[in-house]
1. Please find the FRET efficiency linking Gln63 to Asp98, where r is the Cβ-Cβ separation and R0 is fixed at 22 Å, and quote it to the nearest 0.05.
2. Exposure proxy check: Phe8, Phe45 ranked by fewest other beta carbons within 10 Å?
Amino acid sequence: MPSLQLLFVYNADSGLFNSMADAAHKIFSPSTYQCTLCQVTYGWFTQRTKWRSFIESLDAECQFLHRDELHRLHPELQTTALPAVFQMVDDQPRPCLDAETLNSCDDLDSLMRLVRQRCEIGAAGTAA
């Protein structure tokens, strides 16, 4: 099991209704959609294959949460701007990619490069 744990948090709430509303928002008004992490890693409804392969290639355990799920698990992060990526250190989230950085990602390749650079990870079986 990888020793590094990453927590990816979407700036969107969980649930079927929210998922459908988010999909509609991405389709009809993509420029105002508030979750770059969702926008870059998902098509209309499903996770992009390239992103899924990238996550599977990382030498890290990756968990994905929605905003409401994060706030239930870590109420101390209620005011943290999202989306964000955290490293879990002693069961506590430590930021490695903040909202401002993620919101500057225009495409999937930029996001994958940032995850590798800022979260100190390499591909499975390689050193970072």
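No lab work stands behind these numbers, since they all come straight from the coordinates. Note that the structure is a prediction, hence the values are computed from the model and not measured. Note that we place each Cβ from the backbone using ideal geometry, even for glycine, and neighbour counts take in every protein chain shown.
1. 0.80
2. The fewest-first ordering by Cβ neighbours comes to Phe45, Phe8.
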